[in-house]
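The values are calculated or read from the model by the stated rules, or taken from the named source; none is laboratory data. Everything quoted here is computed from the prediction, not taken from an experiment. Here the Cβ is made from the backbone with ideal geometry for all residues, glycine too, and neighbour counts use every protein chain on show.
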Amino acid sequence: MEETPLETLPALPRDADGPMFREPWEAQAFALAVRLSEQGMFTWSEWAATLAAEIREAQRRGDADLGDTYYEHWLAALERLVAEKQAVASEDLAQRREDWRAAYLNTPHGQPVALSAGRE
Amino acid sequence: MSHDHDHSHGHDDHTHPPSETELRVKALESLLVEKGLVDPGALDEIVQTYEHRVGPRNGAQVVAKAWSDPGFRLRLLEDAGEATATLGFTGRQGEHITAVENTPEVHNLVVCTLCSCYPWPLLGLPPAWYKSAPYRARAVRDPRGVLREFGTELPEEVEIRVWDSTAEMRYLVVPERPAGTEDWSEDELAKLVTRNSMIGVETALTPAQLRAREES
């Protein structure tokens, strides 16, 4: 980023005092990181370093990083830290994701979705 | 149960799964809860707090008090964490805060070049532009240009100081008190203090700007 000539940098995204979270998952991911740090799984400095690393990687992959993808970086940092701290392994996360997906597909429309429905 | 549902049944025989990202969050949260590593009630409390209770009106009260009460202003500039705690603004990301005061000679601007460190108890969560790469890069390299994009023109002789926040230290800008507010109460003054003025990309509202805002 430091090498980019000034004039080629995009304009600043702007917003009014909008809602803090655009979608519920952003709020959930936010709360998980705050809570796990409060409980001592990682320090806030570790968190900030991991988040900064995820942001840099996303930029390398071509993310314009205008703030709208911020909670995606946040979630990636969270997944990385819980794996590093051996709280949740990435294979378990992947399996659980597929269980949830199956649970949705197995649940009739309008019914509450329970994880158990994905394991039938 | 198999997935080979018949499309002639319409959409009633399954629920459309949410996005990949939402599935990832659900997976992570359900595993952490199952392992007893996180309490769902505590998560709800955090979301509630940051959606509804903590926001830039807290910082505005702090600034208005600093404008009105010289003793508080000194305490704020000396140790902002301690001074804001006496007003009840404590909590996450609020332990290490430095207040930087704008004067006719110096204008302060806050950024977090690495991620998005920000004084949550005073300003709530940061706006999207604060977290964006263009702001993070340009605030340091071209602060005057950034200010201009926010409509803030400063005389050439004003020095701009840029403060880079970290997980260890966060900053609150105390904007200059606008002229014509000498007899205003703290509550009235607080209305002039916008979130952007406490990040340093704008100045506080003038009484005329506030009137225009309230009428629109």
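Any residue that is at pLDDT below 90, at the interface with another protein chain (Cβ under 9 Å from one of its Cβ atoms) and touching a Phe, Trp or Tyr at 6+ places or on another chain (Cβ under 8 Å) - is there at least one of those in region A:2-12?
Going through region A:2-12, the residues at pLDDT below 90 turn out to be A:2-12.
Remaining after also requiring at the interface with another protein chain (Cβ under 9 Å from one of its Cβ atoms): A:2, A:4, A:6, A:9-12.
With the extra rule that they be touching a Phe, Trp or Tyr at 6+ places or on another chain (Cβ under 8 Å), the set shrinks to A:12.
Yes; the residues of region A:2-12 include at least one that is at pLDDT below 90, at the interface with another protein chain (Cβ under 9 Å from one of its Cβ atoms) and touching a Phe, Trp or Tyr at 6+ places or on another chain (Cβ under 8 Å).
In region B:76-88, the residues that are within 14 Å of B:Ala60 (Cα to Cα) form Cβ pairs under 8 Å with partners that are surrounded by fewer than 15 Cβ atoms within 10 Å (Cβ to Cβ) and among the polar types (S, T, N, Q), at six or more places apart or across chains, as follows: B:Thr84/B:Thr90.
With under 16 Å from B:Thr21 (Cβ atoms) and either at pLDDT 95 or above or more than 17 Å from the chain's Cα centre (by Cα) (or both) as the only criterion, which of A:Arg60, A:Arg80 stands out? Step through it out loud before you land on a result.
Details: A:Arg60 fails: under 16 Å from B:Thr21 (Cβ atoms).
The unique qualifying residue is A:Arg80.
Among the residues making up region B:177-216, those that are out of contact with any helix residue (DSSP H, G or I) (no Cβ under 9 Å at 6 or more places or on another chain) and in a loop (DSSP other than H, G, I, E, B) are B:Glu182, B:Asp183, B:Thr206, B:Ser216. Taken over region A:37-80, the residue count meeting the criterion of being farther than 26 Å from B:Glu95 by Cα, touching a residue at least 40 places away in the same chain (Cβ under 8 Å) and not hydrophobic (A, V, I, L, M, F, W, C) is 2. Pairing each residue of region B:149-169 that is in the same structural domain as B:Tyr130 (by TED's automatic domain parsing) and β-branched (Val, Ile, Thr) with any residue that is modelled with pLDDT of 95 or more and part of a loop (DSSP other than H, G, I, E, B), provided the two are 6+ apart or on different chains, yields C-beta distances under 6 Å for B:Thr152/B:Glu202.
So for region B:98-113 (the condition being over 19 Å from B:Pro178 (Cα atoms), modelled with pLDDT under 95 and touching a Phe, Trp or Tyr at 6+ places or on another chain (Cβ under 7 Å)), does at least one residue qualify? There is at least one residue in region B:98-113 that is over 19 Å from B:Pro178 (Cα atoms), modelled with pLDDT under 95 and touching a Phe, Trp or Tyr at 6+ places or on another chain (Cβ under 7 Å). State yes or no: is B:Ser216 at pLDDT below 95, within 17 Å of B:Ala99 (Cα to Cα) and over 12 Å from the mean Cα position of the chain (by Cα)? Spelling it out, it is not the case that B:Ser216 is at pLDDT below 95, within 17 Å of B:Ala99 (Cα to Cα) and over 12 Å from the mean Cα position of the chain (by Cα).
Residue under question is B:Arg144, and the condition is that it be of a type in the set (Lys, Arg) and within 19 Å of the chain's Cα centre (by Cα); does it hold? Full working, then the answer.
Details: of a type in the set (Lys, Arg): yes; within 19 Å of the chain's Cα centre (by Cα): no.
When the stated conditions are applied, B:Arg144 does not pass them.
Selection of helices (runs of 4 or more DSSP H) fully inside region A:14-120 by the criterion of at least 2 residues being surrounded by 15 or more Cβ atoms within 10 Å (Cβ to Cβ), more than 8 Å from chain B (Cβ to nearest Cβ) and aliphatic (A, V, I, L, M) returns A:44-60, A:70-84.
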